[in-house]
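Have a look at the structure below before the remarks.
The values are calculated or read from the model by the stated rules, or taken from the named source; none is laboratory data. As the structure is a prediction and not an experimental result, all values here were calculated from the model. Cβ sites come from the backbone with ideal geometry, for glycine too, and all protein chains shown count toward neighbours. Only protein heavy atoms, including side chains, enter the accessible area calculation; ligands, DNA and RNA are left aside. Shrake-Rupley method; radii C 1.70, N 1.55, O 1.52, S 1.80 Å.
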Amino acid sequence: MFRNKTDTPRAGQYEVRPIGEVKYTPKIKEKRWSKDKELNIRKLWDEERIYEFHFDPKDARPIIVIDTPPPYPSGKWHVGGAAHYAQIDMVGRYFRMKGYNVFLPFYADRNGLPVEVQVEKAKKVNPHELAKTPEGREKFLNMCREFLDKVEKELVNIWRRLGCSFYYIRNGTDSPEYRRITQATFIELWNRGLIYEAERSVNWCPRCMTTLSDAELERKEEDTLLYYIKFRVKETGDEIVIATTRPELLGACDAVIFNPKDERYYHLRGKHAIVPIYNKEVRIIEHPEAKPEFGTGLVMVCSYGDQRDIRLFKELGLKPIILINKDGSLNEKAGILKGLRVKDAKKKIAEELRKRGLLVKTEKIKHSIPVCWRCKTPVEFIHVREYFLKQLEFKNELRKVIDEMSFYPEHHKRKLLDWLESISTDWPISRSRYYGTEIPLWKCTKCEAVVLPKPGKYYVPWKEKAPVEKCPKCGASSENLVGEKKVFDTWFDSSISALYVSGYLRNNEFFSRAFGNIMRPQGIDIISTWLYYSILRVYQLTGKPAFRWVRITGMGLDEKGEAMHKSKGNVIDPDPYIEKYGADAFRFWAAAASKLGSDYRFSEQTIKSGSLFATKLWNIARFISAFPEPEEEEVELRPIDLMILEELNNLIEKCDKAYSQLDVYEPANNIYQFVWNVFASHYLEAVKRRAYNRENKYREAEQKAAWYALHTVLKNSLKLLAPIMPYITDYLWRKMYSSKSIHLEKFPAPNPEWNRGYVKLLKKFMEVNSAIWGFKKRENISFAQPIEGVVYISNELAPLAEDIKELHRIKEIRLGKPEKEALKISDEVFLVLS
């Protein structure tokens, strides 16, 4: 295909065919790239509608559905959130260029506690009071919708400004369409016996007044007191001392345990303890849960101080006494503590114990406690009647389907498996809240029968009549059928997102093509929630893995490497940086700073580097735009051309492999390194004189070879970079190569004809250049000034000798090492001055 010289005699040996004095004028007139152009390009994309998704059954392209995380619109994204969605967009853009029909949707997760907590704070309302009437509940729901609409609009504006190519779906998780599908899955699983109602101990937030799943708990370190309390042994009258952080739960104590290896307490085997204040007799039991090194080694088991107590009550067959009400106050079973909040009850019981001489001492300790994931209130453990989804019996099957999915990076799969191993109870899926998908059932007040509707519509039981005229069990009239007021856990909704975006229960033909090719990109922080629940629910409903690929992203941190929180005052707004440097520069940081699966720090310097890279790319393209792009048949490639083209092959292969593994970090850094530090700094400088050929030293085919290589490297570099920096790459592409967007182009493929082995010279070529430039700089010689003398280079570089001579304006160049005394420029470059 190409004419090529296998060795390179001096250019002057060739017969030169004059081509005349030509003035080369750049196609690109503007001298600098302006970030302001990004707004016009975004407008152009919208007009061309190139990111709209269409499904045509006749379209043979394979489909990929990216299950884009539907964000909670509870507030504006910080830089980490914006970067996360930019990375997802980069992956989607790559797969489009690889020939896939990519469905990359964006919609909001508008259900659950996040919005309610925000509205409660902003509007200073108590939803539990408001929702006592249907009218009040509707009023609160409208407040939530208004808040969601406002924040969602801000999120959409950010990702649009960032150049993301999401297909916007206005029907979020609170839409009748989405809620209809959620309810349909509940009805199916209920009918299959996988959902049941029961009263049992749950994690309870007394501020939000709702049950929480284990996955919704966060841990918080706090300073607390360890209370050393005297108990009495019934059989001997001896005193024993027990240390606890929850003295307010003395009234719920039902056992005392010590470790079987703790010889100090062997004499207590088979005996009983009398609980102080409450004078209750409880068994003293050996159990490995007691830690000899904590407190005195004796532990009181209460219902329920923590999750360990829950396990022990079940294991030991103890009878629970629930002291704490749903609002966090203590009930009549707490005796003298009745009506007090936990904090106040703790103080009062300590005073009472001290007064009676039963409090030996207190000591300060650090204690880890579970708190509500939204409001950070300490969680209590109480008995509540809830709906549960079976999950324990699916653990073995889930391990198998997890093994069928590809994880990027692979090691984060371990976090999911560890979470699966830790699950010890079924999933409580109902919540005593309001802004969520309603549980679609009615109950008969006479016989307690459950009436379940047929799937197919969105039901609102708290304000709708039952779908039947009378109770199917006892025949009671419809007036006796009361609609359920509870809503689903927000993860019960969002866990079907993969099904929602693949057309489940709506478009069977699309679903049959899309399901099995779904990608889940998400943060490491929600592996135990969104990822796990999605895998569980999709498997229960389809019997198949939810995803083909799972991409796990680390957390975006501030410049000091700390997580961003409003309470810390370290939340970084992306808008000022996008406005200052442009979206492409921000996206460059989002890619170049975020090694896949690892946390990544915010860096204004890296954003600035992205901006400078855009300027560099502009200058390169402007220079190359001065030359026409020749046909392959017209060119005679020199070894230096084949060297850069083979290195381009290597870059294409590296980027293709990394992108295909959902990694944008490696492409961003490799493209930057190649374009700036290899192509621009070395090759482009070396072929400038051949490209202009003002002295007619080169034959036309050689001159055109320089043009060909320059254009080829630029075109392919623009394509490789297009997923990461979509604005400038598209602008340059349209200016130089096509009236159509670069984002409609195919991803580059390596050209085996360029692989002639010259790439092995690249490193030495660059080292020689750097050595000579360094010498000129030390000697205060202009880079354009000729070197009057003989420069010796290694024999290996013979094919590039003339190019090195031209680049550095060397009077004479020779191979090998000089025989007489010479100036050593580097280990392999010597100069003999004339």
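Can you tell me which of 327-334, 300-307 comes out highest on packing, and rank the rest after it, using the mean Cβ neighbours within 10 Å?
Packing order, densest peptide first, comes out as 300-307, 327-334.
Report the full-extension gain for the segment Leu225 to Lys76: residue separation times 0.36 nm, less the Cα-Cα distance, to one decimal in nm.
On the way: separation 149, 0.36 × 149 = 53.64 nm, distance 3.83 nm.
Gain in length upon complete extension: 49.8 nm.
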Listed residue (Leu651, Val687, His711) projecting farthest to the positive dipole end of the stretch 625-717, Cβ model: Val687
Residues Asn508 and Lys27, FRET efficiency given R0 of 60 Å [Cβ-Cβ distance, rounded to 0.05]: 0.75
Computed [θ] at 222 nm, deg cm²/dmol, the chain (DSSP H ≥ 4; -39,500 (n - 2.57); rounded to nearest 500): -11000 deg cm²/dmol
Counting DSSP beta bridges with both ends in the chain, the antiparallel % (nearest 5): 70
With DNA, RNA and ligands ignored, accessible area of Met564 (1.4 Å probe; Å², nearest 10): 20
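Could you grab the relative contact order for the stretch 242-372? Cα pairs under 8 Å, six or more apart, rounded to a whole percent.
Working: 197 pairs, mean separation 32.9, N = 131.
25 percent.
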Global geometry of the stretch 140-181, whether rounded, prolate or oblate, following the gyration tensor of its Cα atoms and the 1.5 cut on a/c: oblate
Those GluC sites (Glu not before Pro) in the stretch 460-517 that DSSP places in a loop and that have at most 14 other beta carbons within 10 Å: Glu464, Glu469
Whole-number accessible area per residue in Å² for the chain, which is evaluated in the context of all protein chains at 1.4 Å: 43
Part-to-part distance (alpha-carbon centres) for the stretch 288-327 and the stretch 704-780, which is given in Å: 67
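Going highest first, how would you order 23-30, 713-720 by mean Cβ packing within 10 Å? Could the numbers behind the result be given before it?
Values: 23-30: 12.0, 713-720: 23.2.
Packing order, densest peptide first, comes out as 713-720, 23-30.
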Angle between the chain longest axis and helix 583-592 axis [Cα atoms, degrees, rounded to 10]: 80
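At 0.36 nm per residue, and after removing the present C-alpha to C-alpha distance, how many nm does the segment from Lys139 to Arg61 gain when stretched out fully?
Full extension of this stretch gives 23.3 nm more.
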Between helix 762-778 and the chain: long-axis angle, C-alpha atoms, 0 to 90°, nearest 10: 80
Distance between the stretch 201-217 and the stretch 558-618 - C-alpha centres, whole angstrom: 36
Residue pairs, from the table Lys395/Lys457; Lys776/Lys817; Lys98/Lys740; Lys43/Lys560, whose Cα atoms sit over 29 Å apart: Lys395/Lys457; Lys43/Lys560
Net charge over other residues, Cβ less than 15 angstrom from the Cβ of Thr615 (K, R count +1; D, E count -1): +4
In the stretch 734-794, the chymotrypsin sites (Phe, Trp or Tyr not before Pro) that fall in loop regions by DSSP, at most 15 other Cβ within 10 Å: Phe783
Separation of alpha-carbon centers, the stretch 443-483 and the stretch 790-834, rounded to whole Å: 93
Shape box of the chain [Cα atoms, principal axes, largest first, Å]: 113, 68, 46
Inverse mean reciprocal Cα-Cα distance (Kirkwood Rh) of the stretch 174-242, Å: 17.7
Order by protection proxy (mean Cβ within 10 Å, highest first), peptides 592-601, 39-48: 592-601, 39-48
Whole-percent carbon and sulfur share, accessible surface of the chain, 1.4 Å: 48
When each of Lys132/Lys338; Lys454/Lys485; Lys139/Lys463 is checked by Cα-Cα distance, pairs over 22 Å: Lys132/Lys338
Nearest-ten-degree value, helix 176-191 long axis tilted from longest Cα axis of the chain: 50
Charge dipole magnitude, Cβ of K and R +1, D and E -1 - the chain, Cα centre, debye nearest 20: 1420
Local electrostatic count, Leu316, Cβ distance below 14 Å [Lys/Arg +1, Asp/Glu -1]: 0
Simple spin-label estimate for Ser660 and Glu239 in nanometres, 7 Å along Cα-Cβ: 7.5
Cβ-placed point charges (K, R +1; D, E -1), dipole of the stretch 186-239 about Cα centre in debye, nearest 20: 160
Rg over Rh, two decimals, the stretch 637-718 (C-alpha only, Kirkwood Rh): 1.06
